[in-house]
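I have placed the structure first, in the form of structure tokens, so that the comments after it can refer back to it.
The values are calculated or read from the model by the stated rules, or taken from the named source; none is laboratory data. Model, not experiment: these values are computed from the prediction. Cβ placement follows ideal geometry from the backbone for every residue including glycine, while neighbour counts extend to all protein chains displayed.
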Amino acid sequence: MKRWMILAAALALGGCNNKPTGFGVDVEARTNMLSSSVRSSIVTARLLVSGDETFSKDIGNVAKAAQSGAFKFRYVPGVRSGTLTIRVDGVDGSGATVAGGTAPPINLADGKAVDAVLTLAVNGNGVACMAATDCISGNCVDGVCCDTACDGVCESCNQPGLVGQCSPAMQGTDPDNDCAAKLPPTTGEDGGVNDDGGTGGSVDGGVTGVMADPQKCAGTCNGMRACSFPDTTTSCGTPFCSAGATIGSLFCDGNGSCTESDSSCTDYVCAAGTCKDSCNSDADCQSQDFCNLNINKCVPKRDIGTACTGTDQCQSGFCVNAVCCDSVCNDQGQSCNNTGALGKCQCTGHPCPAGVSCVLFYRDSDNDTFGDAGGTIANGNAVAACVGDTPTAPFVANNKDCDDGDSQANPNQTGWFTSPSKSKGTFDYNCDGTVEKLVPEIAGGTCNFCQAQLPICGAQSTCTVANSQSTYSCSFFKGCRIGATLAFVGFPTGGVQCGNSQAAQQCGTCTQAGLTAQVSFPTTQQQCH
Ligand SMILES: [Ca+2]
Ligand SMILES: [Ca+2]
Ligand SMILES: [Ca+2]
């Protein structure tokens, strides 16, 4: 009752500018937008309070103020704080509501006055409107004055037959776009979809062939003020290869989003959004498989000790002696197919203790202490042994013998020979890789008296001292080089084959100063080693 008395007192001040101070709501109901006939028909007003307090009351004797353009009064709520919505209707002499308006919600402030300003309008629910102030209800929804704010999910105020009444949107429709698809972000992470290896872009941002259509996950109203979205069996894009052997599939999540789920291929890699089912190379297979080209199928790589024809077929990555081997096994003497130890790299036929390497010993058939340079385990002229072992006859530790069928042929040989070695038929008796000739072959060579005038070799045809020894030619190599053997015999042509004989020049002495050397021409056999 106290509330009403203050209200009435405030009403009495309606036409004045003296606003009360202190806690309360100063309501100003404007009638200036009404036609003069409606304005002049208003006799009383009806206050309707909602929100944190509910209250209604008829207010008499507002006719004069309404005609002047507005009537004002103070409402003092019972609550001291909270939010209130103030509505005021204009009522004519017969009790009919002829206009109405609602102020924007106000927040109470204890001890202070707050304003609630509203404009009365004549449009009832269901009448077309442009703004809330067009409507008595203060709600302009979906283009018509509406009985409520009607701003919930899948609500509409212009449903056929229910215009002006807030009603559930019809099943299968979405007039307010409440059930739109939820689109992935266009920046940052790919909405949880790792389709391009990066952190940017949307689901289809970067991988060829990835086609996501999030709109497929858009829903519609279910007729009961809620959305109905496509379920998780609804595809929203083409499958794609998100990694070598992973397929990314796109399905709706039942809540309006398109999400990706991964599935893995077995044996094969992913191509064009599906797992391959045949192969032409290892690239078509997962890393634990290889492509069996006999059947064009990816099959698991093999354990050590299993037959193989290529390293790609072995888990270990080593195919040695036609079995998958536990190591590269390429040191001398090693093999991977030893009896009882298939797949284990061992010294062939002669396992060594852990940490001890394998070596080969070589056959010394001619007993010259040098082993066969061409000896191998395969040809029987080498055997495997462990480092530290002592070779036993006929094997030795070296393989320096270039002819193991001729004891004269060996690296220690210094002699010269006129016939080839017995077994290999070589003249390289000292096994140094080249055939050296004893008698120099110098085209145009003659017997001269050489002078060492380093670095230029000088020669003169006559001697300065009687009985001086002449030398065959005076090449840098044969005549003047300090420490070199002076050759007194030489062939004046090149290409004398080892063992062949022909006339040579043999350089003699001079009988007195100023004379040339005596020369003879003995038939000489070329010797080699
Ligand atoms: Ca030998
Ligand atoms: Ca030999
Ligand atoms: Ca030689």
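Of note:
- Strands (runs of 3 or more DSSP E) fully within the stretch 1-59 that include at least 3 residues being on the phi > 0 side of the Ramachandran plot, of a type in the set (S, T, N, Q) and modelled with pLDDT under 50: none found.
- The stretch 94-134, subset among the β-branched types (Val, Ile, Thr) and out of contact with any helix residue (DSSP H, G or I) (no Cβ under 7 Å at 6 or more places or on another chain), residue modelled with the lowest pLDDT: Thr133
- Number of positions in the stretch 364-417 that are basic (Lys, Arg) and under 20 Å from Thr348 (Cβ atoms): 0
- Restricting the stretch 347-384 to residues that are within 16 Å of ligand 3 (Cβ to nearest atom) and without any contact (Cβ under 8 Å) to a residue 60 or more places away in the chain, the residue that is nearest to Asn330 (Cα to Cα): Ala373
- Any hit, the stretch 441-454, residues being more than 16 Å from ligand 2 (Cβ to nearest atom), modelled with pLDDT of 85 or more, surrounded by fewer than 19 Cβ atoms within 10 Å (Cβ to Cβ) and over 30 Å from Asn399 (Cα atoms): yes
- Residue ID - farthest from ligand 2 (Cβ to nearest atom), chosen from residues in the stretch 330-365 that are part of a loop (DSSP other than H, G, I, E, B) and surrounded by 21 or more Cβ atoms within 10 Å (Cβ to Cβ): Gly343
- Count - residues of the stretch 42-83 that are closer than 16 Å to Gly101 by Cβ, touching an Asp or Glu at 6+ places or on another chain (Cβ under 6 Å) and not basic (Lys, Arg): 2
- Cys258 falls short on exactly one of the conditions (1) assigned to a loop (DSSP other than H, G, I, E, B); (2) in contact with a Leu (Cβ under 7 Å, 6 or more places away or on another chain), and that condition is (1).
- Residue list for the stretch 370-396, restricted to those being within 9 Å of ligand 2 (Cβ to nearest atom) and more than 56 Å from the chain's Cα centre (by Cα): Phe370
- Within the stretch 208-267, restricting attention to residues that are among the aliphatic types (A, V, I, L, M), surrounded by fewer than 18 Cβ atoms within 10 Å (Cβ to Cβ) and touching a strand residue (DSSP E or B) at 6+ places or on another chain (Cβ under 7 Å), the residue that is farthest from Ser156 (Cα to Cα) is Met211.
- Filtered residues of the stretch 71-101 (kept if farther than 22 Å from Cys140 by Cβ and assigned to a strand (DSSP E or B)): Phe71, Lys72, Phe73, Arg74, Tyr75, Gly82, Val91, Asp92
- Single match in Asn399, Asn412 (criterion: surrounded by fewer than 17 Cβ atoms within 10 Å (Cβ to Cβ) and within 12 Å of ligand 2 (Cβ to nearest atom)): Asn412
Per-residue answers, yes or no, for (1) touching a strand residue (DSSP E or B) at 6+ places or on another chain (Cβ under 8 Å); (2) polar (S, T, N, Q); (3) at pLDDT 90 or above; (4) more than 16 Å from ligand 1 (Cβ to nearest atom):
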{"position": "Thr418", "(1), (2), (3), (4)": "yes, yes, yes, yes"}
{"position": "Lys424", "(1), (2), (3), (4)": "no, no, yes, no"}
{"position": "Asn430", "(1), (2), (3), (4)": "no, yes, yes, no"}
{"position": "Cys457", "(1), (2), (3), (4)": "yes, no, no, yes"}
{"position": "Gly483", "(1), (2), (3), (4)": "no, no, no, yes"}
{"position": "Leu486", "(1), (2), (3), (4)": "yes, no, no, yes"}
{"position": "Val489", "(1), (2), (3), (4)": "yes, no, yes, yes"}
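- Residue among Thr392, Thr414 that is β-branched (Val, Ile, Thr), assigned to a loop (DSSP other than H, G, I, E, B), farther than 29 Å from Ser327 by Cα and within 16 Å of ligand 3 (Cβ to nearest atom): Thr414
- Among the residues of this structure, Gly405 does not count as one that is within 16 Å of ligand 1 (Cβ to nearest atom), in a loop (DSSP other than H, G, I, E, B) and closer than 30 Å to Ala322 by Cβ.
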